[in-house]
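Report on the structure given below.
Derivation of every value follows stated rules applied to the coordinates shown; laboratory data play no part. All values reported here derive from a predicted model rather than from experimental measurement. Please note: Cβ atoms are built from the backbone with ideal geometry, for glycine as well, and neighbour counts cover all protein chains shown.
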Amino acid sequence: MKRFFPLTVSLFFLIGYSFQNQVVFSQKAPVDLVYPLIDAANSRWFFFNSASRPFGMVNLSPDNAINADWGAGYRYNLDSIKCFSHIHCWQLSGIPVMPTTGAFKGHLGANEYGSKFSHDKETIKVGYHKVVLDAYNITAELTSTTRVGFHQYTFPQSAQSHILFDFSTFLGPSDTEKGQVKKVSNQEIEGYAVMAPTTRRPKTVTVFFVAVFDKPFDTFKGWRNGKLEEIGDRIEGARTGAYLSFTTQTGEVRKMKVAISYVSEEQARLNLNTELPHWDFNKTMQDSRTEWNQWLSRIEIEGGSEKERSRFYTDLWHALLGRRIINDVNGKYCDMTGPQRRIGQIPLDAQGKPKYNHHNSDSFWGAQWTINTLWHLVYPEVTESFVNSMVMMYQDGGLIPRGPAGGNYTYVMTGAATTPFIVSAYLKGIRGFDIEKAYEGLRKNHFPGGMMSKAGYEHNTFKGGGIEYYIERGYVPHPLSQTRYGFHQDGSTQTLEYAYQDFGLAQMAKKLGKMEDYTLFMKRAENYKNIWNPEIGWMWNRTLDGKWGEPVDILTYDHGWEEGTAAQYVWFVPHDVQGLIKLMGSRETFTSRLNESFEKAQTHDFVSGKSHDKETLDQFRRVYINYGNQPSIQTAFLFNYSGAPWLTQYWSRQVVEKVYSDLTPQLGYSGDEDQGLMGSLAVLMKTGLFSVNGGTSDKPFYEISSPIFNKITLHLNPKFYPGGKFVIAAKNNGPQNYYIQSATLNGKALNQSWLLHETLVKGGKMTLQLGPKPNKSWASKPEQAPPSMTAK
């Protein structure tokens, strides 16, 4: 088995997952159903990747635009390619290259050496990109391993053919501070690029590389500050670049392999020699396809249209695409948590392989409703690797991160956002990490000096989180002060997040026998009640003096409500939905108000505009529910708690149809697809399994809705779960037949709208009988509702 996920996963597949090869699909293979161009017209820097492996360090793709976080990278509506670069991820970029012909003009910048291209002459598949550069009549093909980009260029006849490396570019979120390129031989170069600080990542990141060529080049030259200069065998400094020149015949193929490392050139060479010792481009492309297909085949679907199946596997692909490996094949990694750059070493197993990987990741804000559930259930080895990475970062830098970039803390978003991720993993039996050390780090984050002390991107202080107020008063005031210590300084949202995260940590404390902590955090978990304003019947801002903020407008965006409104955040009590129901007065009142919010949201297709640039406009932000961003994406499943599960079935289907069914470059996620969060959400909604509290209950469970497919088979990882597979069968399913009439679990009647995680992972079958009209008696009694902190 080729490298799958370089921890213990390749071994795991050899001993436990060989059954995957026996899965027979009557339609196209999952990998062939993925549509990589979804929403590509609205791409964020890290959104689109073509030549990449699952969680790959290398994410090699064309850049149609540079010098922006939003609006850069591959943008479908733009008609030129500036370069091909090797890293497209959260606050990281680097190593742009470009093949050209004719008089060299790389020193003039990407706007000059870039080339027009046409989608008519472009092929994009998972792990592969092919495009013709019209300015040079060069056909470029790209594929990759985990840490190596593989280029195959077909040149025209030319006495002046070149491949350039530009270290004067501003890629995605960061400028290039300086670079170095050294000629090793006439078939190899090496060097590094220092990516400049960003607002979110205030330290530099150095990307080292080694590039080897299948044929010798004739000359090695460079430039500085936009002017060509004689360089000998090396060029180094700011605003520099290097290029290789050679003659080509018509149709001549030139291949290049570019390996990267965040540690050193020597480590990049080790990655190259380990992962890609050969020159067989087609084999590498096929290996990538096979690897992706193995990952995607963990969920097998039957029924639905080909478009629905294609969109499903596109969503699943996104769930595995954006969060990156940043360590080398031997486990060396760059630690940037301290005052000085440090090289660390991941522990090795008996075979000398790293026991887990170190990861780059955008925020886990909202992950409790997305990757928490999907990864923990379907890819538990991924979860375990990420948890180990976070605990290692705590040991290195003193804090469990909520969105690290290249070994740096970014303090992205708010709260202890990784607490639900780690707690849920532990409660589900994913425990291949230092549990006491993890708990120690999580607990620290819930007190002054931890992540709850920091608002978004608050790098130098511990004030914007307002945790001292939360502990003393039971809420975070808004406004907290006249000083903005960080972004996302929104006290009411922080109060709700902290209360939920406290509940999760309490459950882990209880399991570990830390009863004093359990009592403390359970008491804090009730703090959400302190911003319930009974006079208006909504959650609302409380000021420093304890009064309610004025004027009252529940549709005001931000101003206490992080990337949302009070109308959206009133439902943010994942751990205690029954407690929220009691605050509202009754199950009937709760159901009516939530249903009314959905009816209003339906008028704008449940989103704040169909793309991120629309989402930023005030007129699109005054909404009750927005499925284009994280704050209210759990709402469709709340009806299961209030005795109206048929409304969960109805509204979840409406959201899927309007928000997560498009399959074009212009549409797809209607907002911000933060490195797999919304892809994961779409997968869960389409399978009819969800977890409002993110799996943080004493006994984790899943809420049930109606899936869009006739049959869904979850192939469980036997290293973690003994059940083999769990099947969800939807009988009489159809576009209008989405109401559950009855259900059975392993042949026995199931009269509640939830099932325990421990039941599911033992394997079995859940059968749902669907119909066109709601069965309002199914799972509607109070005692049949899912568990909640407050008694039913």
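A compact table of results
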read-out	value
Packing rank of 339-351, 230-242, 528-540, where each peptide gets the mean count of other beta carbons within 10 Å, highest leading	528-540, 230-242, 339-351
Fully extended contour minus Cα-Cα distance, from Lys773 to Glu122, at 0.36 nm per residue	229.7 nm
Span from the the stretch 658-707 Cα centroid across to the the stretch 448-475 one, whole angstrom	30
The stretch 594-609 versus the stretch 126-176: alpha-carbon centroid distance in Å	44
Rule-of-thumb Rg ratio for the stretch 9-296 [Cα; 2.2 N^0.38 Å; N residues]	0.97
Size of charge dipole - the stretch 643-792 - debye, nearest 20, with Cβ of Lys, Arg +1 and Asp, Glu -1, no other charges	720
Rounded if a/c under 1.5, otherwise prolate or oblate - the stretch 463-526, Cα gyration tensor axes	prolate
Packing rank of 573-586, 273-286, where each peptide gets the mean count of other beta carbons within 10 Å, highest leading	573-586, 273-286
Gain upon complete extension [Glu758, Glu436; 0.36 nm per residue less C-alpha separation]	113.6 nm
Label point distance in nm, Lys725-Lys699, each placed 7 Å from Cα along Cα→Cβ	2.7
Kirkwood Rh (inverse of mean 1/r, distinct Cα pairs), the chain, angstrom	26.8
Equivalent ellipsoid semi-axes, the stretch 619-698, via Cα gyration tensor eigenvalues times 5, rooted, Å	21, 14, 13
Label-zone membership for the stretch 60-76, site Thr199, 7 angstrom Cα→C-beta point, backbone N under 14 Å	68-71
Gyration tensor (alpha-carbon) shape descriptor, the stretch 442-572, a/c threshold 1.5	oblate
Dipole magnitude (debye, nearest 20) for the stretch 9-296, charges at Cβ of Lys, Arg, Asp, Glu	280
Estimated 222 nm signal from helices in the chain, with DSSP H stretches of n ≥ 4 weighted -39500 (n - 2.57), rounded to 500	-7500 deg cm²/dmol
Net length gained if the chain between Glu588 and Gln345 were fully extended (0.36 nm per residue, minus Cα distance)	81.8 nm
Alpha-carbon centroids, the stretch 199-232 and the stretch 23-90: separation in whole Å	24
Where Cα atoms sit under 24 Å apart: lysine pairs in the stretch 29-186 separated by 8 or more or lying on different chains	15
Pairwise label distance in nanometres, Asn595 with Thr543, each label 7 Å out on the Cα-Cβ vector	3.9
Span-rule helices in the chain, defined as complete DSSP H runs reaching 18 Å or more along the axis (Cα) with Kyte mean at least 0.5	none
Estimated distance in nm for a label pair at Thr247 and Gln187, the labels positioned 7 Å out from Cα along Cα-to-Cβ	2.1
Average Cα contact separation per residue, the chain, under 8 Å, 6 or more apart, as relative contact order %	11
Sequence-distant residues sharing a close amide H with Ile326 (under 5 Å, placed H)	His358, His359, Asn360
Built amide H within the under 5 Å cut-off of Thr206, gap 5+	Met195
In order through the stretch 178-184: 3J(HN,Hα) via Karplus (6.51 cos²θ - 1.76 cosθ + 1.60), integer Hz, x for Gly, Pro	6, x, 9, 10, 10, 7, 8
Nearby aspartates and glutamates by direct alpha-carbon distance to Lys792 (threshold 20 angstrom, same-chain neighbours under 8 apart not counted)	Glu526, Asp576, Glu588, Asp698, Glu703, Glu783
Gyration tensor (alpha-carbon) shape descriptor, the stretch 647-792, a/c threshold 1.5	rounded
At R0 = 41 Å, FRET efficiency that the Cβ-Cβ distance of Ala135 and Thr603 yields, to 0.05	0.30
Among 164-172, 549-557, the order from most to least packed when residues are scored by Cβ within 10 Å on average	164-172, 549-557
